[in-house]
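What follows is a short report on a single structure.
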Amino acid sequence: MSWSRARRGMAMAGLLAPLALAGCFRPLNGAMGGAMPQALMAVAIRPIPGRTGHYLGNDLIFAFNGTGSTVQPRYRLEIVLHQAVRVPLVDTVTGLASAASDNDRADYKLIDLASNKVLASGDVVNFVTYDRTNQGYTNLSSYDDAEVRNAQIMADQIHTRIAAYFARGG
């Protein structure tokens, strides 16, 4: 009988534990009330060269100000993009690459426009693999898709880091 009570007690503790921890976590978008969305919308994205840079820039513009409203910029986000394509797998029969990866690194700096001071900086690194065949158009299309996916993932990472900076009171 006592074993059954102990198991019921452990089950109840397991059910109540998330409720006890519920106050420990705050979502980023609610951390500063209405101030965070306004701070994020005030970030101007400097154009990033290259096709992947174009995708990354568009994803960042949408992430920071997807509303389309015009806000006077108070910050500038500068990004330097480094790209490399690696061919990890080669078909031993044909000698052609059967897979490749698009390896990208984006170094970013958030700059205050009033003081020209760097407020936050860092880098995000991501790679996306894609299949290759003996058809040129298919390879090009696969690489294009990999570029778009890489840009989306890196934009999400950069946006989250900048949002965390503002949530900490930056």
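Per-structure values
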| read-out | value |
| --- | --- |
| Residue match in segment 24-44 (condition: surrounded by 15 or more Cβ atoms within 10 Å (Cβ to Cβ), at pLDDT 90 or above, of a type outside the set (Asp, Glu) and out of contact with any Cys (no Cβ under 6 Å at 6 or more places or on another chain)) | yes |
| Verdict on Ala155 being surrounded by 15 or more Cβ atoms within 10 Å (Cβ to Cβ), modelled with pLDDT under 85 and not polar (S, T, N, Q) | no |
| Any pair with Cβ under 9 angstrom, 6 or more apart, that starts in segment 98-109 at a residue that is closer than 13 Å to Tyr143 by Cα and ends at one that is part of a strand (DSSP E or B) and of a type in the set (Lys, Arg) | Ala100/Arg86; Ser101/Arg86; Asp102/Arg86; Asn103/Arg86 |
| Candidates Val124, Val118 - the one that is hydrophobic (A, V, I, L, M, F, W, C) and out of contact with any Phe, Trp or Tyr (no Cβ under 8 Å at 6 or more places or on another chain) | Val118 |
| Residue, nearest to the chain's Cα centre (by Cα), within segment 120-144, restricted to residues that are among the hydrophobic types (A, V, I, L, M, F, W, C) and surrounded by 15 or more Cβ atoms within 10 Å (Cβ to Cβ) | Val124 |
| Candidate set: segment 45-54, residues that are on the phi < 0 side of the Ramachandran plot and assigned to a loop (DSSP other than H, G, I, E, B); chosen: the one surrounded by the most Cβ atoms within 10 Å (Cβ to Cβ) | Ile48 |
| Candidates Arg76, Arg149 - the one that is modelled with pLDDT of 90 or more and farther than 22 Å from Arg46 by Cβ | Arg149 |
| Of the criteria (1) modelled with pLDDT of 95 or more; (2) over 16 Å from the mean Cα position of the chain (by Cα), which one Tyr108 fails | (2) |
| Odd one out for Thr92 among (1) surrounded by fewer than 15 Cβ atoms within 10 Å (Cβ to Cβ); (2) within 15 Å of the chain's Cα centre (by Cα) | (2) |
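The values are calculated or read from the model by the stated rules, or taken from the named source; none is laboratory data. In this text the structure is predicted, and so the values were computed from the model without any measurement. Don't worry about glycine lacking a Cβ; one is built from the backbone with ideal geometry, like all the others, and counts go over all protein chains shown.
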